[in-house]
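Reading through the structure tokens given below for one structure.
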Amino acid sequence: MTRRLLWLDVALFALLCLAGWQLRREVAWENAREQAMWNARVTPKAASILPPLAPVAPVLATSYTEVAQLNLFSIDRNPQAIIEPTAPPSPPPVPQFPVARGVMLWDGAPPTVVLSERSGGPQKGYHPGDRIGEWKVVSVDHQFLALEWNGQQFKKRLDELMDKTPLVQEAPAPAPVQSNTPAPKNTQSLSDAAKSTGPGIDVGGGSRMCAPGDNTPPGTIQDGMKKVVTATPFGPSCRWEQVK
């Protein structure tokens, strides 16, 4: 037992000596390395000459084009001006429609419509193709009147174009004063009495309208013309035709 402890002490002592020798070796190596670093001389390199700076280009307004295009809040973002399309000119206003006075539809004769350019204006008979003011008569029947203006056609009802102005009635003539003298015998013919209420405005086609207040009976012949009365949707139509 004692011998074993002795050998263990010898082994531990040898190990301790080996560790001390290794530590002393490392310390010496580090000291030599440090001394060599301090004794080393470093040769400095010559400093290189810096190249001269490039000249600065002058500031131009065109160089900011890209900056403006990338700025969302710049009014000059789009270099190409946008021309807003101009509104087309408004079409001219439609002129006033003529005033209808009546229509005459006879067999063998072109349809005739009596028109005036304005209320109370002169009346005249018009056939399809005739012009009244700015309007052109296209077609006419017992119910509708087609008019053309500026390349556009308008189809209007005759009752819409009729003159709604009330007629002014003439005051009745004063009653004749009775006298004891016997009235002379009336020898005036029927044609002479109807001269003031005979044929009126010429409506074309050898026909005339009846004058206002014409109360001569149908079939009366006056100045080579015969009075004809026909029924229409707007009431009786009175005209004078040439006697054939």
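None of the figures in this text is laboratory data; all of them are computed from the coordinates on show. On a predicted model such as this, the values are computed, not experimentally measured, just so you know. Every residue, glycine as well, gets a Cβ built from its backbone with ideal geometry; the counts of neighbours run over all protein chains shown.
When the chain is fully extended, how far beyond the present Cα-Cα distance does Q153 get from D202, taking 0.36 nm per residue of separation?
Extra length available between Q153 and D202 comes to 14.9 nm.
Extending each Cα 7 Å along its Cβ direction at N31 and H142, get the distance between those two points in nm, one decimal.
14.7 nm
Hey, if you put +1 on the Cβ of every Lys and Arg and -1 on every Asp and Glu Cβ in the range 1-75, which of V42, A61, Q22 ends up farthest toward the positive end of that dipole?
Q22
Placing +1 at every Lys and Arg Cβ and -1 at every Asp and Glu Cβ, with all other atoms neutral, what dipole size does the range 99-161 have around its Cα centre, in debye to the nearest 20? Don't skip to the answer; put the middle values down first.
Working: 8 positive and 8 negative charges, 27 e Å.
Roughly 140 debye for the range 99-161.
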